[in-house]
Amino acid sequence: MKHQVNDNNQSATPLTDRIFDVLQDSIIKGEIPAGSKISEPELAKTYGVSRGTLREALSRLEERHLVIRAPNHGARVISLSYEELIETYQVREVLGGLGCRLAVQNMTDSEIAELKKLLDEHEKSIAEDQGLSYYQEEGEFDFHYRILQGSRNKRLLAILDGGLYQLIRMYRYQFSTDSPRPLLALKEHRRIVDAIEERDGELAELLMRRHIRTARISVEERHKKAMAKDRGNV
């Protein structure tokens, strides 16, 4: 971690927002490992910020379920168990499908066109990485986030963006390099956009739910293989 986000940096973005963004990105990418203890003095020194600013950022990370605090134990980066990850995917399947159906009703033609352009950019990114990974940056550069925004449902966006979205991003980034799904996921994304463009809410919801379910099944299969490998090494 070589980021420096103190007030000497020229930016219109508030300092707390900057340190929050940097820490969130570091957690999702695994630069701050899952389950690791967070040392406030060390991080404050690393990033050149006050302890107060750092605590504000950590509180926001806690709200997004990326950091947990325990009395007398300080703060730690979240560490998802296999069971928790599967439960997260199950909830996201239902809510993601709903968001997609609502997006069919509420996304404008220009937003759909921009979504298709975004997938073209993603295809280039996958090709540049030789088809090994499909990492999407946060917010406007994330396919699922764009659709959630297009749903125009603030409550749904708050639920997903408030925790589930970031946890899935964390898993996708740290484990997608071992997955055969990048090109398949892109194809599934294109089918979903086609259904949205055709204003077929039922099909769009079905495709989104199937897309997220397929990702969950991939996680389950990889977990089974890992467990079998561990048993074979015993």
Exercise for review: Among the residues of the stretch 181-224, write down those that are modelled with pLDDT of 85 or more and basic (Lys, Arg).
Suggested key: Lys187, Arg190, Arg191, Arg199, Arg209, Arg210, Arg213, Arg216, Lys224
Revision key, fill the gap. Apart from one, (1) within 30 Å of Ala226 (Cα to Cα); (2) modelled with pLDDT of 90 or more; (3) open to solvent by 70 Å² or more (accessible area, probe 1.4 Å) all hold for Glu56; the odd one out is (1)
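One line per residue, one yes/no per condition, for (1) open to solvent by less than 40 Å² (accessible area, probe 1.4 Å); (2) of a type in the set (A, V, I, L, M):
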position: Glu62; (1), (2): no, no
position: Leu66; (1), (2): yes, yes
position: Glu84; (1), (2): no, no
position: Val91; (1), (2): no, yes
position: Gly99; (1), (2): yes, no
position: Leu102; (1), (2): yes, yes
position: Thr108; (1), (2): no, no
Review point. Any chance the stretch 123-135 includes a residue that's open to solvent by 60 Å² or more (accessible area, probe 1.4 Å), more than 15 Å from the chain's Cα centre (by Cα) and modelled with pLDDT of 85 or more?
Key: yes
Exercise for review: Mind counting the residues in the stretch 32-50 that are part of a loop (DSSP other than H, G, I, E, B) and either more than 23 Å from Asn72 (Cβ to Cβ) or not hydroxyl-bearing (Ser, Thr, Tyr) (or both)?
Suggested key: 7
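The values are calculated or read from the model by the stated rules, or taken from the named source; none is laboratory data. It should be emphasised that the depicted structure is a prediction, and the values quoted were computed from it without experimental measurement. Cβ sites come from the backbone with ideal geometry, for glycine too, and all protein chains shown count toward neighbours. Note: areas computed on protein heavy atoms with side chains; ligands, DNA, RNA excluded. Shrake-Rupley method; radii C 1.70, N 1.55, O 1.52, S 1.80 Å.
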